[in-house]
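Structure first, commentary second.
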Amino acid sequence: MTELRTLKVALLGCGNVGAQVARILIEDADALAARTGARLQLSGIAVRNVNAKRDVELPQELFTTDAGTLVKDADLVIELMGGIEPARTLILSALQNGACVVTGNKALLAQDGPTLYEEADKAGVQLSFEAAVAGAIPILRPIRDSLSGDRITRVLGIVNGTTNFILDQMDSTGAQFADALAEAQRLGYAEADPTADVEGHDAAAKAAILATLSFHTRFALENVYCEGITNVSAADIAAAKDAGFVIKLLAIAEKLTVADTETDGAEGISVRVHPTLLPREHPLAAVRGAFNAVFIEAENAGELMFYGQGAGGTPTASAVLGDLVSAARRLVLGGPQRTETTTGHVPALPIEAATTSYYIGLDVADQPGVLARIAQLFAEHGVSIEIMRQTIHKDSGSNVESAELRIVTHRASEAALAATVEAVKGLDVINSVTSVLRVEGV
């Protein structure tokens, strides 16, 4: 029997995901060797504190604080440290030394992915990052490989489990945002400082990666319009529910045709993250709790949805090990490594160029002609109303009556919709604009 080649694997970071990766490499060594044609030897684990208590029991001799030396002697490097530095320097060092790299670092890829892609291309090695988006869900490889012969036109994703859990709690229990966040923290779905999740930054980094792969053009975090969920109220959730919608934080990347005097007919890509109303019959509306899902529209394949656990040590480790086996097999078999598939330079569009529908809640005076005035104002701005519902309210302390209007528009440019809302605020029959949210799937 031919003796198998040994490939040295350096692991950078031993948090929730890293510890599970190390465990699987040790426990499933024989199975992984059979799949790759080589022994994957965990040569070391770089950490800040070698004596820190960890949930998974691992051989103490594997731990080191000297990440630089560990990387230089490795065939394969797994980076699960997070953050920009020293992760960026260590990844570049690994690539320059001819090692294939597997990373789950979405923040680094969104901020400085092009530098890493170029270094991997130059060195002729593989840079893989399936774990950077949607945890265990195999989404990046299908986009890059399975759909490479198709044209993706749109991607809608629930890619942050923390915010999906919070919004689902608000929808199913009527909880306020603060209470739902506290419950997410109690269950371990949200960090003590949840800013990156609830402000949309985590989802925005993932949106940049999805857009880069889907549209073969490099997009960075600065190209992503971002709004979080901190301003979504229980009243917004209840009003959406009453109208047949559910609110989700969506990462959206879509190809648009720009229609203006200078670039009429040119194509561009809108990449954005924001709270969005979805009809309850839409496939993404049924994604509950901390789960993730990505919905893809392609010219030939039509509609596809990928669903599963978007976080957690073991699920995310599954994605890491998938990339590791793929890279190891290429080292064993030889031939060119799989690299980035950017082939175009389609521009990123500002949010004003996006096309969407709006849900607008208005508190208005209950008097003749109000509906007509509002409808006329929408028409003047080129925005068509699809649904308008009215509920009459009477102040219990007086005879003054007001009406609550809920309006859903047809798709129009973000600029036209924003201008319409501003104009509506100026009408003397408007008591207040109670809610303004974007709508997809109608």
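The values are calculated or read from the model by the stated rules, or taken from the named source; none is laboratory data. Computed from a prediction, not measured in an experiment: that's the story for all the values here. Here Cβ is always computed from backbone atoms with ideal geometry, including for glycine, and neighbour counts include all displayed protein chains. For accessibility, only protein heavy atoms count, side chains too; no ligands or nucleic acids. Shrake-Rupley method; radii C 1.70, N 1.55, O 1.52, S 1.80 Å.
Taking packing as the residue-averaged number of other Cβ atoms within 10 angstrom, the listed peptides 221-227, 116-122, 89-95 run from highest to lowest as 89-95, 221-227, 116-122. Taking the Kirkwood radius as Rh and the Cα radius of gyration as Rg, region 23-77 has a ratio of Rg/Rh equal to 1.00.
For the chain, the share of accessible area belonging to carbon and sulfur comes to 48 percent (1.4 Å probe, ligands and nucleic acids excluded). Take each peptide in 239-250, 317-328, count the other Cβ atoms within 10 Å of every residue, and average; sorted highest first, the result is 317-328, 239-250.
Whole-percent P(r), the chain, all Cα pairs, 10 Å bins from 0: 4, 20, 27, 23, 14, 7, 4, 1, 0, 0. Calculated mean residue ellipticity, 222 nm, the chain: -10500 deg cm²/dmol, from DSSP H runs (n ≥ 4) at -39500 (n - 2.57) each, averaged per residue and rounded to 500. Here the Karplus curve 6.51 cos²θ - 1.76 cosθ + 1.60, taken at θ = phi - 60°, turns the phi angles of region 283-298 into couplings of x, 6, 5, 8, 7, 9, x, 8, 6, 10, 7, 10, 10, 10, 10, 10 Hz, with x standing for Gly and Pro. What shape does region 170-303 have by the C-alpha gyration tensor, where a ≥ b ≥ c are the square roots of the eigenvalues, rounded means a/c under 1.5, and otherwise prolate means a/b greater than b/c and oblate the rest? Because a/c hits 1.5 or more and a/b exceeds b/c, region 170-303 counts as prolate. Under a 5 Å amide H cut-off, with hydrogens placed 1.01 Å from N, His410 pairs with Ser384, Ile385, Glu386 among residues at least 5 apart or on other chains.
If only the Cβ of Lys and Arg carry +1 and only the Cβ of Asp and Glu carry -1, the dipole of the chain around its Cα centre is close to 1100 debye. Among the listed pairs Lys255/Lys425; Lys72/Lys106; Lys106/Lys425; Lys106/Lys241; Lys106/Lys255, a Cα-Cα separation exceeding 29 Å is found for Lys255/Lys425; Lys106/Lys425; Lys106/Lys241. Applying D = kT/(6 pi eta Rh) to region 1-159, where Rh is the Kirkwood radius over alpha-carbon pairs, T corresponds to 25 °C and eta to 0.890 mPa s, the Stokes-Einstein value obtained is 147 µm²/s. Accessible area per residue for region 100-199 is 36 Å², calculated with a 1.4 Å probe on protein heavy atoms, without ligands, DNA or RNA. 3J(HN,Hα) couplings calculated from phi for region 81-93 with the Karplus curve 6.51 cos²θ - 1.76 cosθ + 1.60 (θ = phi - 60°) are, in sequence order, 7, x, x, 8, 10, x, 4, 4, 4, 5, 5, 4, 4 Hz; Gly and Pro show x. In terms of its C-alpha gyration tensor, region 139-215 has a prolate overall shape, because the principal axis ratio a/c (a ≥ b ≥ c, square roots of the eigenvalues) is not below 1.5 and a/b outweighs b/c. Phi angles of region 194-201 translate, via the Karplus equation with coefficients 6.51, -1.76, 1.60 and θ = phi - 60°, into HN-Hα couplings of x, 3, 4, 7, 6, 8, x, 5 Hz per residue; Gly and Pro are given as x. Here the chain carries DSSP beta bridges of which approximately 70% are antiparallel, counting only pairs with both residues inside. Charges on Cβ only, +1 for Lys and Arg, -1 for Asp and Glu, centred on the Cα centroid of the chain; of Ala205, Ser128, Ala266, which one is farthest towards the dipole's positive end? About the Cα centre, the residue reaching furthest to the positive side is Ser128. Structural descriptor for the chain: relative contact order 16 percent, calculated from alpha carbon pairs under 8 angstrom and at least 6 residues apart.
For the listed peptides 282-294, 167-179, a ranking on the average number of other beta carbons within 10 Å per residue, highest first, reads 282-294, 167-179.
Could you tell me which of Leu140, Thr153, Gly113 has its Cα farthest along the dipole of region 90-158 towards the positive end, charges placed at Cβ (Lys, Arg +1; Asp, Glu -1), taken about the Cα centre? Of Leu140, Thr153, Gly113, it is Thr153. Between the beta carbons of Glu57 and Ala372, assuming R0 = 56 Å, the FRET efficiency works out to 0.20 to the nearest 0.05. Close amide H partners of Val102, meaning residues 5 or more places away or on another chain with modelled amide H under 5 Å apart, are Val77, Ile78, Glu79, Ser128.
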